[in-house]
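Participant: First the structure, which I've put down as structure tokens, then a few questions once you've had a look.
The values are calculated or read from the model by the stated rules, or taken from the named source; none is laboratory data. None of these values were measured; they are calculated from a predicted model. Cβ: placed from backbone, ideal geometry, glycine included. Neighbour counts: every protein chain shown.
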Amino acid sequence: MRVFSGIQPTGMAHLGNYLGALKNWVNLQQEEHECFYSIANQHAITLPQDRENLRKSTLQTAAILFSIGLNPEKSTIFVQSDVPAHTQFAWILSCLSPIGEMERMIQFKEKSKKTRHMANLGLLSYPVLQAADILLYKANLVPVGKDQEQHLELTRLLAKKFNNFYKPIFVEPKTLHTKTIKVVGLDGTAKMSKSAKNHISIVENEKTLWEKLSTAVTDPARIKKTDKGNPQICNIYSLHKLFSTQQDLEWVVAGCSNAKIGCIECKKKLFKNINELLKPIREKYVEWMKNPEKIKISLKNGAQKANKIAQQTLDEIYDIVGFKY
Ligand code: TRP
Ligand code: SF4
């Protein structure tokens, strides 16, 4: 099967991104699918980006992908703007996209609310470019977080419209979600996100990991160690559920509800478990970042592989649309 997914190079990927989508990317590579993973820098500029930041985040995002276990020899990992066919095809798809449908996109509504000045056209057509990303490779499977479901529905709609209006050449890609994993933010109120400063980065170092966990909100009923708590309403416990063994979970539930353990003890255990997962990733990341030239070479190789397939599909599309005269 062919797999396609993308990640925006804005800020550091966090544990929510990892469990929600990136871990699947690695699994799919290991299952010997043909995987294409794109660093969506053209999507990133739908919100204002600083040039130096964008350059740096592009390399950092690539380093993260390589460090979580994606192998540039096995998967095709590339930067979106290195493959011009994406925007070329997006134009054609945009001519099949009903404006009303675009305005209904939840992410558009949320993001355009945040930009105080009028929202730009790119923000509105963002999901069309995403559809072009996916369809150019005729991908069957798209591993993404739940927030992308609506964009995938639009991708299927556009595939259908193209097939009906022009010629049936596209398969409708399926979304692949990880089981519903919502990683709560450290403030306990919202889900983990890059923008809200409530997240743990995939390459968080030990010092800041402990700083973040030690100051995270717990069950407010536990003021003293002798106060009994309720793990079910504690965001530290919800993190334990994602990163700790069954045995540790039982230890937390019993210790918290009988006031046998303190919150610091509980957080220390969580720190140890998260750190065990992150340490090897962090170490590889540091190695990659020491050698940005190597990252660039891998990305350019990826772009070459991606270009071959994307250009092939675009040629087919140009012919079908009537651009070849
Ligand atoms: N919009 C996706 C996100 O913000 C990133 C993305 C861009 C993507 N192109 C894609 C995801 C193609 C899946 C397929 O997470
Ligand atoms: Fe939360 Fe653990 Fe404290 Fe209980 S002991 S309130 S689960 S941090």
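Residues checked against (1) over 17 Å from the mean Cα position of the chain (by Cα); (2) not aromatic (Phe, Trp, Tyr):
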| residue | (1), (2) |
| --- | --- |
| 50 | yes, yes |
| 62 | no, yes |
| 89 | yes, no |
| 119 | yes, yes |
| 130 | no, yes |
| 145 | no, yes |
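Participant: Looking at (1) surrounded by 18 or more Cβ atoms within 10 Å (Cβ to Cβ); (2) at pLDDT below 95, find the lone condition where residue 233 falls short.
Facilitator: Checking residue 233 against (1) surrounded by 18 or more Cβ atoms within 10 Å (Cβ to Cβ); (2) at pLDDT below 95, the one that fails is (1).
Participant: Take the residues in region 253-292 that are charged (D, E, K, R), closer than 19 Å to residue 62 by Cα and in contact with a Ser or Thr (Cβ under 9 Å, 6 or more places away or on another chain), then tell me which one is farthest from ligand 2 (Cβ to nearest atom).
Facilitator: Applying the first criterion (charged (D, E, K, R)) to region 253-292 yields 260, 265, 267-269, 272, 276, 279, 282-284, 287, 290.
Checking the rest, the ones that are also closer than 19 Å to residue 62 by Cα come to 279, 282-284, 287, 290.
Adding the requirement that they be in contact with a Ser or Thr (Cβ under 9 Å, 6 or more places away or on another chain) leaves 282-284, 287.
Details: 282: 24, 283: 28, 284: 30, 287: 34 Å.
Filtering first and then ranking leaves 287.
Participant: Given the residues 11, 16, 20, which is the only one that is in a loop (DSSP other than H, G, I, E, B) and over 18 Å from residue 299 (Cα atoms)? It would help to see each step written out before you state the result.
Facilitator: Working: 16 fails: in a loop (DSSP other than H, G, I, E, B); 20 fails: in a loop (DSSP other than H, G, I, E, B).
So the residue among 11, 16, 20 that is in a loop (DSSP other than H, G, I, E, B) and over 18 Å from residue 299 (Cα atoms) is 11.
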